[in-house]
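Asks: My structure is below; once you've seen it, I'll send some questions.
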Amino acid sequence: MSARTSGAGRFFIPKGTSMSQRMFTRRTATTVLALGASAALLVGCSEPEAEDTGDDTTATGTAGTTSEQASSAEQVTITVYTSEPEEKVDEINAAFMEANPDIKVEVYRAGTGDLNARIAAEKASGSIEADVLWAADAPTFESYAEAGDLAELENVDSSDVIEEARDEENFYVGTRIIPTVIAYNTSIVDEADLPQSWADLTDPKYADMLVMPDPAVSGAAAFNASVWKNDPALGEEWINALGENNPMIAQSNGPTSQEIASGGRPIGVVVDYLVRDLAAAGSPIATIYAEEGSPYITEPAGVFADSEQKEAAERYINFLISVEGQELAVEQAYLPVREDVGTPEGTPELSEIALMTPDLEVVTADKDAAVEVFQNAMN
């Protein structure tokens with residue numbers, strides 16, 4: 001699928017979707033990435049507080065080598081900038097390096113906002129220091145591709161990836177389908193009081209009960225803010241009404257899911273795989289897919305144009321979308337981007353989930369403005 005599409009496809013188009021929603025628009029977005037990287041970001045990062053999708057800064061690290069057959073002299077090293085949860089990216093990297101003992105993977109993990117700031121600072125001082133970007137949403141990658149920061153993927157085989165996760169200009173490819181959902185604490189919220197839609201969350205009865213991630217930190221949350229702002233049935237009016245219910249704004253999706261599971265704020269907005277993780281661990285938390293549809297990201301991966309290890313970087317991306325890589329994604333509670341690896345246990349079929357299919361050009365161009373609207377509404 002092109003990143004300039006509405007996300008149309010046999011799994012993702014809810015009934016009643018108009019033809020205009022099914023058509024892709026060509027890339028015209030000229031989003032300028034913020035240059036406001038802090039000195040603290042560049043000198044160090046703290047350990048993650050919780051697993052998340054692109055949402056909290058963590059330490060720079062190296063996934064340990066898994067093969068004694070390759071000496072350091074025979075290896076090349078690639079650096080991956082990612083928002084993947086630490087435990088999950090380490091598992092992926094261990095499997096990749098076992099299959100590719102001639103490549104060593106080093107990781108810098110942070111929330112998408114911090115990654116963007118780091119990349120901007122590196123560009124300003126010379127060149128981007130990483131080889132692979134694996135994070136967030138298609139609009140983020142649209143901006144980098146438009147700015148010339150991504151190399152075209154010449155040797156990445158995405159033929160088995162569903163159309164919704166492919167970029168027709170081949171600068172990046174999605175690696176997971178991650179919808180945002182309404183989640184609730186099953187021990188606290190009575191079934192009769194459950195919200196069924198985004199619109200329901202503005203009901204005064206949910207005042208001081210809600211929690212959601214900060215779009216200034218979370219790439220997924222920033223994407224959602226733009227999707228909601230540009231949805232005709234929601235828009236700024238809905239965002240402002242939501243703010244009147246005084247939701248708690250957590251730093252990211254990880255703390256949001258923990259707040260729901262603990263009952264501190266028993267209803268929230270969060271990416272779905274974190275709910276599955278917590279429920280599997282025994283937490284009283286469950287998912288509602290909103291009636292209007294769920295915003296979703298594909299957590300793309302791409303190679304930086306400045307990379308001196310493009311061949312190794314493309315092998316890494318090929319692994320992410322391979323059968324082995326996607327089976328690992330399913331084991332990690334993600335919905336996959338290919339159809340031959342199954343889905344997480346207890347997860348609805350994609351055809352059963354209504355997903356919001358916005359014009360990505362509009363969402364990309366309006367994301368900064370949407371984040372500002374959101375922040376103003378929540379203050």
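Asks: Taking residue 254 and the conditions (1) in contact with a strand residue (DSSP E or B) (Cβ under 8 Å, 6 or more places away or on another chain); (2) surrounded by 24 or more Cβ atoms within 10 Å (Cβ to Cβ); (3) at pLDDT below 95, which numbered condition does it fall short on, given that it satisfies the others?
Replies: Residue 254 satisfies every listed condition except (1).
Asks: Okay, moving on. Just one of 191, 169 is without any contact (Cβ under 8 Å) to a residue 12 or more places away in the chain and either out of contact with any His (no Cβ under 7 Å at 6 or more places or on another chain) or buried (at least 23 other Cβ atoms within 10 Å of the Cβ) (or both); which is it?
Replies: After ruling out the rest, the residue left standing is 191.
Asks: Let me ask another. Considering every residue within segment 187-200, establish whether at least one is modelled with pLDDT of 95 or more and within 23 Å of residue 301 (Cα to Cα).
Replies: No, segment 187-200 contains no residue that is modelled with pLDDT of 95 or more and within 23 Å of residue 301 (Cα to Cα).
Asks: I'm trying to understand the selection: among the residues of segment 221-246, which are closer than 19 Å to residue 361 by Cβ and in contact (Cβ under 8 Å) with a residue 60 or more places away in the chain?
Replies: 222, 223, 224, 225, 226, 227, 228, 229, 230, 231
Okay, residues lined up against (1) in a helix (DSSP H, G or I); (2) surrounded by fewer than 19 Cβ atoms within 10 Å (Cβ to Cβ):
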| residue | (1), (2) |
| --- | --- |
| 329 | yes, no |
| 339 | no, yes |
| 348 | no, yes |
| 357 | no, no |
| 361 | yes, no |
| 376 | yes, yes |
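Asks: In contact with a Pro (Cβ under 8 Å, 6 or more places away or on another chain), closer than 21 Å to residue 311 by Cα and either assigned by TED's automatic domain parsing to the domain that holds residue 148 or at pLDDT 95 or above (or both): is that true of residue 130 in this structure?
Replies: No: the conditions fail for residue 130.
Asks: Sticking with this structure for a sec: Being surrounded by fewer than 21 Cβ atoms within 10 Å (Cβ to Cβ) and of a type in the set (A, V, I, L, M) is the filter here; which residues of segment 172-188 pass it?
Replies: 188 - this is the single residue of segment 172-188 that is surrounded by fewer than 21 Cβ atoms within 10 Å (Cβ to Cβ) and of a type in the set (A, V, I, L, M).
Asks: Could you run through segment 337-359 and say how many residues are modelled with pLDDT under 90 and closer than 25 Å to residue 249 by Cβ?
Replies: Residues that pass the stated criteria total 2.
Asks: Looking for whichever is surrounded by fewer than 23 Cβ atoms within 10 Å (Cβ to Cβ) and either in a loop (DSSP other than H, G, I, E, B) or of a type outside the set (A, V, I, L, M, F, W, C) (or both) here; the options are 233, 241. Which one fits?
Replies: Just one listed residue meets the conditions, 233.
The values are calculated or read from the model by the stated rules, or taken from the named source; none is laboratory data. Every value quoted in this text rests on a predicted model; they were computed, and no experiment measured them. Every residue, glycine as well, gets a Cβ built from its backbone with ideal geometry; the counts of neighbours run over all protein chains shown.
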